[in-house]
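The values are calculated or read from the model by the stated rules, or taken from the named source; none is laboratory data. What you are looking at is a predicted structure, and each value in this text was computed from that prediction instead of being measured. Because the Cβ atoms are built from the backbone with ideal geometry, glycine has one as well, and the counts that use them run over all protein chains shown. We work out accessible area using only protein heavy atoms, side chains counted, and drop any ligands, DNA or RNA first. Shrake-Rupley method; radii C 1.70, N 1.55, O 1.52, S 1.80 Å.
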Amino acid sequence: MAETALSAIPQELRNLVGGTVMAVEEAPDDEVLAELGMESPWELTGLYRGTPMTQKSVLDIPAEPDTIVLFREPILLEWIETGEDLFRLVRNVLIHEIGHHFGLSDADISRLEDEG
């Protein structure tokens with residue numbers, strides 16, 4: 001479903017994430033939560049790991065590929081609590097993570113989430 005959702009995001013975002021790895025993990029671990037200053041693993045549905053485009057140089061040798069991580073259990077919990085369509089929820093988590101990584105405002109991200 002995550003791969004299908006990635007192919008369904010707006011083209012302008014897909015162009016930005018070429019070569020990005022997508023991973024699905026059960027839930028964020030304690031290290032990720034501590035890094036983000038969060039206490040509950042249920043609050044985090046996704047994460048973009050990588051170097052922001054604004055900080056990359058053509059001379060850089062990447063240590064690891066940029067990665068979008070979807071956290072399955074928090075996404076499912078949100079789906080149960082909100083009743084939102086699961087595919088749309090996964091798609092919106094992807095858009096949200098990609099958008100923040102590339103410095104888009106919340107308004108821009110909301111507009112992109114509403115497309116499609």
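For residues that are open to solvent by 40 Å² or more (accessible area, probe 1.4 Å) and of a type in the set (Gly, Ala, Ser), scanning just segment 94-116, find the one that is nearest to ASN15 (Cα to Cα). Ranking the qualifying residues of segment 94-116, first place goes to GLY103. Under the condition of being in contact with a helix residue (DSSP H, G or I) (Cβ under 7 Å, 6 or more places away or on another chain) and either open to solvent by 60 Å² or more (accessible area, probe 1.4 Å) or β-branched (Val, Ile, Thr) (or both), the residues counted in segment 84-93 number 3.
Would you point out which residue out of GLY103, GLY83 is among the small types (Gly, Ala, Ser) and within 21 Å of GLY18 (Cα to Cα)?
GLY103
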